[in-house]
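J.: Questions regarding the structure given below will be posed in turn.
The values are calculated or read from the model by the stated rules, or taken from the named source; none is laboratory data. Predicted model only: the values in this text are computed from it and were never measured. Cβ placement follows ideal geometry from the backbone for every residue including glycine, while neighbour counts extend to all protein chains displayed.
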């Protein structure tokens with residue numbers, strides 16, 4: 001049920017058309033689009049501006065309840081917001097004796113109920129649901145992390161012609177923006193480490209969709225034709241479960257797909273899927289997305305054997321221990337949130353609320369500060385107009401000044417909410433998905 005807050009007239013700004021030359025995007029977008037999990041360039045940086053301060057009674061343009069349960073982040077194109085969710089449709093089966101059954105200290109190992117795996121299109125102006133499509137009805141073969149997981153944790157992606165929803169073991173789906181199913185593919189069953197669940201964002205570049213599936217089975221990375229679903233190439237990966245998305249970069253006229261994981265960081269040829277280079281050194285349960293600046297790519301792990309590596313592009317083969325690894329950091333790394341890289345500075349947020357600003361070229365620490373607590377994070381930071389927006393599990397969004405000196409500008413609280421999904425900031429508005437609802441934060445007219 002949608003709840004409209006306030007009755008303010010909105011001024012619609014003229015869209016400024018720009019061509020996104022950043023790696024990972026070659027299609028034409030507009031300044032009011034947020035086509036993927038981490039924004040137009042997949043780097044956590046938004047364009048334009050956003051409100052600095054708000055609360056339940058100020059600048060909440062609308063709030064819409066989202067049925068079911070999903071931790072995926074919203075994406076935006078034009079006047080449409082796309083979110084995915086999983087809606088239980090059957091009773092939860094009774095648990096049998098645990099004798100002989102592997103039990104996880106974290107993941108849900110019990111029998112699962114049947115679910116509908118759903119993509120929603122929501123009107124950006126009003127919060128009304130424009131259409132709802134059930135991609136699949138199925139009973140999942142395993143569970144997810146009970147606090148941070150869901151059966152709909154893979155964020156969708158769109159190019160303004162198609163929108164792609166990925167439900168892991170439940171399939172990959174392509175719709176047009178009117179909700180017509182264009183194609184679908186079954187990519188097989190996945191088995192996640194300790195049943196923590198599935199949740200790797202899709203990556204879209206030019207005419208192809210890139211899917212990474214690292215799990216406790218036959219891991220792989222593959223590229224599909226976005227219009228037809230035809231598999232263009234697939235490369236097997238000797239990797240256990242990881243959740244970070246691929247990063248598409250162009251270096252010296254050659255396009256490559258960089259994938260961080262527990263065993264090795266690998267670069268694949270964009271056209272063929274062949275391995276170009278690899279580096280060992282990250283720890284278990286790798287989650288943060290790679291980012292890059294000029295000829296450096298940054299990869300990070302924050303669980304067992306945490307490590308942050310700055311790797312120089314241009315090499316081939318096994319680069320472990322070589323001078324291609326420019327600098328490393330093993331303290332205050334993120335386990336879950338992905339970093340933001342802008343203007344030569346790398347911002348790393350830990351799950352427990354410590355924010356570090358690195359000089360991206362040298363690894364020098366400009367500051368390392370703890371946010372007011374308790375503050376815990378699974379959502380990734382988003383930057384816009386000189387500010388970082390950090391959405392916490394406690395329902396607070398901290399706004400921090402970007403730059404080499406730390407300054408907390410605002411703390412915004414939405415009561416009784418929990419933010420796991422990463423915010424979308426587009427066209428001067430902030431879209432926040434909590435455990436139960438989607439908010440549009442927009443400055444008062």
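J.: Of the residues in the stretch 295-328, how many are more than 25 Å from the chain's Cα centre (by Cα) and assigned to a strand (DSSP E or B)? Write out each step before concluding.
T.: If we filter the stretch 295-328 for residues that are more than 25 Å from the chain's Cα centre (by Cα), which is where we start, we get 314-327.
Now narrow it down to the ones that are assigned to a strand (DSSP E or B): 317-318, 325-327.
The total comes to 5.
J.: Here's another thing I want to ask about it. Give the number of residues within the stretch 339-350 that are buried (at least 19 other Cβ atoms within 10 Å of the Cβ) and out of contact with any strand residue (DSSP E or B) (no Cβ under 7 Å at 6 or more places or on another chain).
T.: Looking only at that region, the number is 1.
J.: Another question, then. Restricting to the stretch 212-261, count the residues that are free of Cβ contacts under 8 Å to residues at least 40 places away in the same chain and not in a strand (DSSP E or B).
T.: So the count comes out to 8.
J.: Residue 321 passes all but one of (1) without any contact (Cβ under 8 Å) to a residue 12 or more places away in the chain; (2) within 15 Å of residue 292 (Cβ to Cβ); which number fails?
T.: It is condition (2) that residue 321 fails.
J.: For the stretch 339-384, list the strands (runs of 3 or more DSSP E) that sit wholly inside it and hold at least 3 residues that are under 30 Å from residue 32 (Cα atoms); which are they? Give the derivation first.
T.: Working: elements: 340-342, 345-349, 354-359, 365-370, 382-384.
Where strands (runs of 3 or more DSSP E) fall fully within the stretch 339-384 and carry at least 3 residues being under 30 Å from residue 32 (Cα atoms), they are 340-342, 345-349, 354-359, 382-384.
J.: Among the residues of the stretch 399-427, how many are under 29 Å from residue 67 (Cβ atoms), more than 17 Å from the chain's Cα centre (by Cα) and modelled with pLDDT of 95 or more?
T.: 1
J.: Next up: Among the residues of the stretch 251-294 satisfying the criterion of being surrounded by fewer than 18 Cβ atoms within 10 Å (Cβ to Cβ) and closer than 23 Å to residue 382 by Cα, which is farthest from the chain's Cα centre (by Cα)?
T.: Of everything passing the filter in the stretch 251-294, 294 is farthest from the chain's Cα centre (by Cα).
J.: Has the stretch 376-391 got any residue that is within 18 Å of the chain's Cα centre (by Cα) and surrounded by fewer than 18 Cβ atoms within 10 Å (Cβ to Cβ)?
T.: Let us first name the residues in the stretch 376-391 that are within 18 Å of the chain's Cα centre (by Cα), namely 376-384, 388-391.
Then keep just the ones that are surrounded by fewer than 18 Cβ atoms within 10 Å (Cβ to Cβ); that gives 376.
Yes.
J.: Also, quick follow-up: Please specify each residue of the stretch 411-428 satisfying the condition of being surrounded by 15 or more Cβ atoms within 10 Å (Cβ to Cβ) and in contact with a strand residue (DSSP E or B) (Cβ under 6 Å, 6 or more places away or on another chain). Lay out the reasoning, then the answer.
T.: Of the stretch 411-428, the ones surrounded by 15 or more Cβ atoms within 10 Å (Cβ to Cβ) are 411-412, 414, 417-428.
Selection gives 411, 412, 419, 421, 423, 424, 425, 426.
J.: Could you tell me whether residue 52 is assigned to a loop (DSSP other than H, G, I, E, B), modelled with pLDDT of 95 or more and touching a strand residue (DSSP E or B) at 6+ places or on another chain (Cβ under 8 Å)?
T.: Working: assigned to a loop (DSSP other than H, G, I, E, B): yes; modelled with pLDDT of 95 or more: yes; touching a strand residue (DSSP E or B) at 6+ places or on another chain (Cβ under 8 Å): yes.
Yes: the conditions hold for residue 52.
J.: Quick one: how many residues across the stretch 294-335 are under 18 Å from residue 256 (Cα atoms), modelled with pLDDT of 95 or more and out of contact with any strand residue (DSSP E or B) (no Cβ under 7 Å at 6 or more places or on another chain)?
T.: Count: 0.
Conditions tested, residue by residue: (1) without any contact (Cβ under 8 Å) to a residue 60 or more places away in the chain; (2) out of contact with any helix residue (DSSP H, G or I) (no Cβ under 6 Å at 6 or more places or on another chain); (3) over 17 Å from residue 42 (Cα atoms).
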residue: 331; (1), (2), (3): yes, yes, yes
residue: 335; (1), (2), (3): yes, yes, yes
residue: 347; (1), (2), (3): yes, yes, no
residue: 350; (1), (2), (3): yes, yes, yes
residue: 356; (1), (2), (3): yes, yes, yes
residue: 362; (1), (2), (3): yes, yes, yes
residue: 373; (1), (2), (3): yes, yes, yes
residue: 382; (1), (2), (3): no, yes, no
